[in-house]
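Written out below as structure tokens is the structure these notes cover.
Every number here is computed from the coordinates shown, using simple stated rules; none is lab data. A quick note: this is a predicted structure, and the numbers were derived from the prediction, not measured. Neighbour counts run over all protein chains shown; Cβ positions are idealised from the backbone, glycine included.
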Amino acid sequence: MTNLSSEELGEIYAFAIDLGRRAGKMLLDAVELRIDGMGEDLLSEKDNAVDIVTQTDEDVESFVKSEIRRRYPSHVFLGEETYAKGQSRDYLINEEPTWCVDPLDGTVNYTHIFSQFCVSIGFIVNHQPVIGVIYAPFQNQLFSSCTGRGAWLNEKRKLPLIQKPSIPPMPPNAPNKCIFSCEWGKDRRDTPDGNMHRKVESFLNMAAEVGGRDGKGGMVHGVRSLGSATLDLAYVAMGAFDIWWEGGCWEWDVAAGIAILQEAGGLVTTANPPPDPETVQIEDVRLGSRLYLAIRPAGPSGTETGREGQERTVREVWRRVRHLDYSRLGA
């Protein structure tokens, strides 16, 4: 089954929202037990000290998986924890209807009781994320979308949040006057010219004064790291972040966020600058590439369409960031 009717998609969307809320309540209940001194979450490391998993990750994934299989037994399920235990680095999504789930995105935040953590549920058909549900229970923020039905915050406010009189265009000198979102990531190897060093150089380029860094200074308004790729994308869809640039994410980190951002009118392409960034055709990102650059929804200005403003911003970011090396086999 690869083709779904509008009615079927609507039913799946409603199920995903309800499932996201119930899974999020499990996260919140576990946090409240810890705050009250009545519970201690078992924690173990995967690849390194910042790549961790808790018992709550596994419990929530088990719950979500069982609920999906009970309701949609023919659908494929791909979850972070079951994928990690399988030790496969292959791209496992095909044309079949697939649930791509991160039961707890922002695990490090969760262990420190920092509010930016969530459950992320993406539904994919023919390699395209068509439904996204992200629920951050500590703030009671539910981001959701379904192809053709819009993107929403708490099912009431349409994304992006600023829509009247129109969605703002991208700043004329972007990335100047933009909020730039990025993450340090899990690759912390102190290797000269490795991913971490290239990221830091890129952060400096984006933040430095205009004209600084040999002309690469972007002087963005601010640099933000939420500690959750899923929520980074939700905040870009909301319009709170203008730009998100990252490498190293897996499918479950981004599937729901990409669905929401694209439905809101945002653009998602590759993080790595191509050899000819000024002339190359900007294409939508390939799910599973592990390299992502996202631009918020943008309205037209007096000189360009919203898409043109987004693409101009993409090229300006590419001018300032380094090439990252994240393969399917890498960390």
Distance between the C-alpha centers of the stretch 232-298 and the stretch 93-139? Whole Å please. 16 Å
For Trp245, Trp250, what ranking results if the residue with the fewest other Cβ atoms within 10 Å of its Cβ goes first? Trp250, Trp245
For the stretch 159-164, Karplus couplings with θ = phi - 60° (6.51, -1.76, 1.60), whole Hz, Gly/Pro x: 9, x, 5, 8, 10, 10
What spacing in nm lies between the two simple spin-label points modelled at Arg319 and His127, each 7 Å away from Cα in the Cβ direction? 3.2 nm
Given labels modelled 7 Å from the Cα in the Cβ direction, how far is it in nm from Glu32 to Arg286? 4.6 nm
Fluctuation leader among Val285, Val64, Val200 - the chain, Gaussian network, Cα springs under 10 angstrom: Val200
Only counting other Cβ atoms within 10 Å, I'd like Ile295, Ile162, Ile258 sorted with the fewest neighbours first. Ile162, Ile258, Ile295
Assigned charges on the beta-carbon of Lys, Arg, Asp, Glu; the chain dipole about Cα centre (debye): 780 debye
Taking amide H positions as placed 1.01 Å from N in the peptide plane, with prolines and chain starts having none, which residues 5 or more places from Gly217, or on another chain, fall under 5 Å of its amide H? Gly211, Gly212
Under the rule of -39500 (n - 2.57) per DSSP H run of 4 or more residues, summed and divided by the residues of the chain, what mean residue ellipticity at 222 nm is obtained, to the nearest 500 deg cm²/dmol? -11000 deg cm²/dmol
5 angstrom amide H check on Arg322, placed H, neighbours 5+ away: Ser202
Taking N as the number of residues in the chain, what is its Cα Rg relative to 2.2 N^0.38 Å? 0.97
Jot down the radius of gyration and Dmax of the stretch 101-185, Cα atoms only, both in angstrom. 15.5, 42
Compute the length gained on full extension between Glu155 and Ser74: take 0.36 nm times their separation in residues and subtract their Cα-Cα distance, giving the result in nm to one decimal. 26.4 nm
